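Shown next, in structure tokens, is the structure this report addresses.
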There are 2 protein chains.
Amino acid sequence: MATAEVVVVNRKAVLKHHLPPDRVPKESDIELVATDTVRLRVPSGSTAVLVKNLYLSCDPYMRSRMTKHDEPSYVPDFVPGTPICSHGVGKVLDSGHPDFKVGDYVWGMTGWEEYSLITSTEHLIKINHTDVPLSYYIGILGMPGLTAYAGFYEICSPKKGEYVFISAASGAVGQLVGQFAKLMGCYVVGSAGSDEKVNLLKNVFGFHEALNYKKEPDLNKALKRCFPEGIDIYFENVGGAMLDAVLANMRLNGRIAVCGMISQYNLGKHEGVHNLLALIAKCIRMQGFLVSNYYKCYREFEEKVVQYIKEGKVVYIEDIAEGLENAPSALTGLFAGRNVGKQLIVVARE
Amino acid sequence: MATAEVVVVNRKAVLKHHLPPDRVPKESDIELVATDTVRLRVPSGSTAVLVKNLYLSCDPYMRSRMTKHDEPSYVPDFVPGTPICSHGVGKVLDSGHPDFKVGDYVWGMTGWEEYSLITSTEHLIKINHTDVPLSYYIGILGMPGLTAYAGFYEICSPKKGEYVFISAASGAVGQLVGQFAKLMGCYVVGSAGSDEKVNLLKNVFGFHEALNYKKEPDLNKALKRCFPEGIDIYFENVGGAMLDAVLANMRLNGRIAVCGMISQYNLGKHEGVHNLLALIAKCIRMQGFLVSNYYKCYREFEEKVVQYIKEGKVVYIEDIAEGLENAPSALTGLFAGRNVGKQLIVVARE
């Protein structure tokens, strides 16, 4: 068994230390390490899967994992000195698991390194469609896609003709929510943090209107301008002042899907939200959710969205960082709003 | 028709002026006027109902009506110089409406005066059960009762064995929510602002535990003490710091029925709520509601709760102010937490 002897260097991007809760992540918080080696076989008798990592995902929720929590969060804290973890797409190099074969492409939780031995395979998913870009499986066909799908269709209870507002609308989740809402016949407006992103929203994703929140001196007025009739559905990705402005502009029986609050992730004490009384007067339902509760409908989602992609009904924009060496800047860029579209890292293309 | 000539003095409690949004109502904001007269007949050909007001209600939402709003609220602003409006119980003295006969007892929106000519009769309800205290029809069998009923059973989606927390728990709505929750087999804790009220919660309403929020230096710790396993259902009546503490103690898939936020009603700018990120991690649904959407199930509710009362399954505590002259202090006392139980005013007993 000659292949059993293949041992290679395994470059890694590791978290150097836990961050305080009130600091923006810096590139220097993540260290590239090229001294470890890996044997390209799963241990004998194990049901693990050894993958070559191709694409790694940068997602806002990862910020929370960079800080040590006294009370456990819904995702475990990262361990300093070990690779960052995120969703990724990989190619199976060896497998002790009957559901995964050498040569399969898979997506799931992996490490920021060239090769990962995945021992927790319960959330590892075999990629059924290799005729779409594989990187889509950490975006439109992966966790962010399912987040948009479950968040919009399950949480927002959308109806044709309703007024829909999406914040962080050009991001991995937002761009899809907007396109799903358009397919349903809703009026769709998104906010983003640059003119380039606003342009994308209007001219690539087909939003009816978009606003650059950094250029709006008064978010309340900006929303009144875009929604003279008010907002039926708000897909919340940012929190803080935007949520307050939205609450002031919601319509009767409105729904708010609380997906994320990226504006708050680097604050020790989160900003106060002042307009919650609107929940009563407008009979608003505000619902937080986690995509992890919706994996049971993954295959249904996958087939539907693959079809949408092939028919050109949805498009997907990625912001691609080349090479593991650019992983630190890719992740930190997320919290500065530098990414345009879904941020990912290419470790290898094949 | 000699009775057509009966004209009597009609004492009134009128709002003197609109209040600024950031001031607690004072007794001197309401004026007793005893100069107007009223003819004790409905105008010929009208479908109005002339009632003698017996019991008048003091409810927290009325604070909002005392201020002039630039944008219309869900209830119209009071008009200075005219009687305060609230729910009330009255006896029909004359009627042009086929559904209401002389001698009937009714409840609905009325004026703070001895006699009211009710022209908007669509929400006037004939009282079916006169073998319970008539005043209950502005409390447990009226708007607050239906609020507790709809809010708990419809909005909270309660299940046996769940952990339920209620703020302003000895108030008109809170005392009922707690008793409904106990009937369902939930673990029930309430908060209130005095030891007398806490005693009531534990020894009269049968709550499992109760806390005096004014004596708790740390609301978060107080809730952790009462709910080591966390809170499944929060019935929100107060807002502000209590809501923040609750958010930090909610369990996975928790529900928050947002009924009121009395701690915020006299603040120009409402306090910020900082812990909304918990909505995501715990998949919490937070739902505002208005009782006006549930009048369709009023008769079903009335029969059920009358039965509960007769069987001794629920009790109801009222705080009774005697005479229209005590109406100003009754209403202002609500915002100082002076009332113990449902605050009402007796104008006449028969």
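What is the residue count in the range A:267-325 for residues that are more than 9 Å from chain B (Cβ to nearest Cβ) and outside any loop (DSSP other than H, G, I, E, B)?
So the first thing to find is which residues in the range A:267-325 are more than 9 Å from chain B (Cβ to nearest Cβ), and the list is A:267-268, A:291-292, A:294-325.
Still in the list and also outside any loop (DSSP other than H, G, I, E, B): A:291-292, A:294-310, A:318-322, A:324-325.
Residues meeting the conditions: 26.
For the range B:32-41, the criterion of being part of a strand (DSSP E or B), modelled with pLDDT of 95 or more, in contact with a strand residue (DSSP E or B) (Cβ under 8 Å, 6 or more places away or on another chain) and closer than 23 Å to B:Y295 by Cβ is met by none of the residues. Name the residue that is farthest from B:I256 (Cα to Cα), counting only residues in the range A:278-303 that are under 16 Å from the mean Cα position of the chain (by Cα) and open to solvent by 30 Å² or more (accessible area, probe 1.4 Å). Among those residues, the one meeting the criterion is A:Y295.
Do we find a residue being closer than 19 Å to A:M143 by Cβ, at pLDDT 95 or above and in contact with a Pro (Cβ under 8 Å, 6 or more places away or on another chain) anywhere in the range A:295-303? For the range A:295-303, residues closer than 19 Å to A:M143 by Cβ, at pLDDT 95 or above and in contact with a Pro (Cβ under 8 Å, 6 or more places away or on another chain): absent.
With the checklist (1) touching a residue at least 40 places away in the same chain (Cβ under 8 Å); (2) open to solvent by less than 10 Å² (accessible area, probe 1.4 Å) in hand, flag the one item B:G108 doesn't pass. Looking at each condition in turn, B:G108 falls short on (1). Looking only at the range A:246-266, residues that are more than 9 Å from every other protein chain (Cβ to nearest Cβ), of a type outside the set (V, I, T) and under 24 Å from the mean Cα position of the chain (by Cα) come to 4 in all.
When the residues of the range A:267-276 are filtered to those that are hydrophobic (A, V, I, L, M, F, W, C) and at pLDDT 95 or above, which remaining residue is nearest to the chain's Cα centre (by Cα)? Steps first, answer last, please.
Filtering the range A:267-276 for residues hydrophobic (A, V, I, L, M, F, W, C) gives A:267, A:273, A:276.
Narrowing the set further to residues that are at pLDDT 95 or above leaves A:273, A:276.
Values: A:V273: 24, A:L276: 27 Å.
Once the filter is applied, the top-ranked residue is A:V273.
Consider the range A:240-257 and keep the residues that are open to solvent by less than 10 Å² (accessible area, probe 1.4 Å) and touching a His at 6+ places or on another chain (Cβ under 9 Å). The one that is farthest from A:S167 (Cα to Cα) is A:L247.
Just need a number here: residues in the range B:198-214 that are under 17 Å from B:R225 (Cα atoms) and open to solvent by less than 70 Å² (accessible area, probe 1.4 Å).
We begin by selecting, within the range B:198-214, every residue under 17 Å from B:R225 (Cα atoms); these are B:198, B:202, B:207-214.
Filter once more, keeping what is open to solvent by less than 70 Å² (accessible area, probe 1.4 Å): B:198, B:207, B:209-212.
Residues in the range B:198-214 being under 17 Å from B:R225 (Cα atoms) and open to solvent by less than 70 Å² (accessible area, probe 1.4 Å): 6 in total.
Counting residues in the range B:202-209 that are closer than 24 Å to B:I317 by Cβ, of a type in the set (S, T, N, Q), without any contact (Cβ under 8 Å) to a residue 60 or more places away in the chain and away from every other protein chain (no Cβ under 12 Å) gives one or more. When only residues in the range A:75-87 that are within 21 Å of A:I138 (Cα to Cα) and touching a residue at least 60 places away in the same chain (Cβ under 8 Å) count, which is surrounded by the most Cβ atoms within 10 Å (Cβ to Cβ)? So, considering only residues that are within 21 Å of A:I138 (Cα to Cα) and touching a residue at least 60 places away in the same chain (Cβ under 8 Å), the one surrounded by the most Cβ atoms within 10 Å (Cβ to Cβ) is A:P83. Scanning the range B:46-74 for residues that are more than 22 Å from B:G90 (Cβ to Cβ) and open to solvent by 70 Å² or more (accessible area, probe 1.4 Å) turns up B:K68, B:D70, B:E71, B:P72, B:Y74.
The values are calculated or read from the model by the stated rules, or taken from the named source; none is laboratory data. Everything quoted here is computed from the prediction, not taken from an experiment. With ideal geometry, Cβ positions are generated from the backbone for all residues, glycine too; neighbour counts draw on all protein chains shown. Accessible surface is based on the protein model in full, side chains and every heavy atom, while ligands, DNA and RNA are left aside. Shrake-Rupley method; radii C 1.70, N 1.55, O 1.52, S 1.80 Å.
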